[in-house]
1. Between GLN191 and residues 5 or more places away or on another chain, which pairs have amide H atoms under 5 Å apart, with H built 1.01 Å from N, and which residues are they?
2. If you take every residue apart from ARG232 with its C-beta less than 12 Å away from the C-beta of ARG232, what net charge results, scoring Lys and Arg +1 and Asp and Glu -1?
3. Could you check what % of the DSSP bridge pairs in segment 7-267 are antiparallel, to the nearest 5?
4. Mind checking which aspartates and glutamates have their C-alpha under 13 Å from LYS121, skipping anything on the same chain fewer than 8 residues away?
5. Would you calculate, for the chain, the mean residue ellipticity at 222 nm contributed by helices, counting each DSSP H stretch of 4 or more residues as -39,500 (n - 2.57) and dividing by all residues, to the nearest 500?
6. Provide the gained length on full extension for the span ARG216 to SER202, in nm with one decimal, where the gain is 0.36 nm per separating residue minus the Cα-Cα distance.
7. When only C-alpha pairs under 8 Å and at least 6 residues apart count, what is the relative contact order of segment 199-268, in percent?
8. Just tell me which aspartates and glutamates come within less than 17 Å, Cα to Cα, of LYS44; anything on the same chain fewer than 8 places away is out.
Amino acid sequence: MVKLEGINIAGTGYMTRVISILNQKGGVGKTTTTINLAAGLAKKDFKILVIDLDPQGNATSGLGVEKMDIVMGTYNALLESVPFDQVTMVTSSKNINLIPTNADLAAAEVSLSGVEKRELKLKKFLVNNLGGYDYVIIDCPPSLGLLTVNALVASTDVIVPVQTEYYAMEGLSQLLQVVQQIQTGLNPTLQIFGVLLTMYDSRTSLSEQVRAEVVRVFGDIVFSTVIPRNVRLAEAPSHGKSIFEYDKWSKGSKAYKALTKEVIQRGN
């Protein structure tokens with residue numbers, strides 16, 4: 001894998017890795033991965049910014065923030081040029097800050113369509129504001145529209161969660177085409193950081209068959225870590241907690257701890 005040095009913030013020499021968690025299919029573990037990878041990295045004393053770019057706002061609520069209470073968020077950052085510190089909030093999790101979202105973001109695709117250089121809005125918003133962060137993790141919407149394009153243009157890396165169930169590979173070729181188009185036209189340093197197998201059930205032959213097929217297609221960019229299907233992982237977001245806070249002894253916690261280690265190793 002090609003080593004990325006992250007975004008060099010002008011005048012600071014500070015390097016920040018910006019990771020989009022992306023799959024246009026819903027229900028594959030994007031938000032779960034966003035929250036728990038952020039929490040895992042934060043436990044290692046990295047400074048983390050989570051950007052909730054999904055109008056559903058699940059990363060926002062999963063980090064313990066009530067969506068109805070949000071005054072400023074990603075919509076304001078993208079379309080109203082609101083200053084960084086006015087849309088960024090401290091969460092209850094140590095070392096994790098959040099740019100939240102609420103229902104307003106649902107209008108962003110339409111609002112952005114008439115804006116000049118609309119693909120660059122998130123990158124321009126971030127580029128001079130990342131000096132305090134080691135990682136930015138973007139929870140992308142389940143689509144390949146303008147919000148996702150903004151995330152890819154602003155990112156150094158992409159992690160693709162793939163559910164180990166029927167139709168796992170469906171739509172991945174289209175996703176990769178979009179990534180390639182962004183690499184060619186708008187962000188030549190963008191890389192697929194890894195493919196992450198999620199909702200793995202060791203009791204079924206199907207999960208292992210899907211795993212084997214994904215490894216066959218993507219090779220060594222597939223993470224060694226596999227995220228299991230785990231009730232505690234499913235419960236944690238409803239309590240506004242990461243799996244480390246909710247049940248640190250669960251299989252889900254052990255898996256995201258291993259993923260965190262693998263992400264750090266790949267980045268070195």
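Read the figures in this text as sums done on the coordinates, not as results from a lab. This one's a predicted model, so the numbers in the text were calculated from it and none came from an experiment. Backbone-built Cβ (ideal geometry, glycine too); neighbour counts: all protein chains shown.
1. Close amide H contacts, sequence-distant or interchain: ASP157, VAL158.
2. Values: positive: ARG229, LYS241, LYS248, LYS251, LYS254; negative: GLU235, GLU245, ASP247.
Around ARG232, the charge tally is +2.
3. 15 percent
4. Result set, ordered by chain and number: GLU80, GLU109.
5. Details: 12 runs with 103 residues, N = 268.
Theoretical 222 nm ellipticity from helices: -10500 deg cm²/dmol.
6. 3.2 nm
7. Relative CO of segment 199-268 lands at 29 percent.
8. Hits, sequence-local ones excluded: ASP134, GLU245, GLU262.
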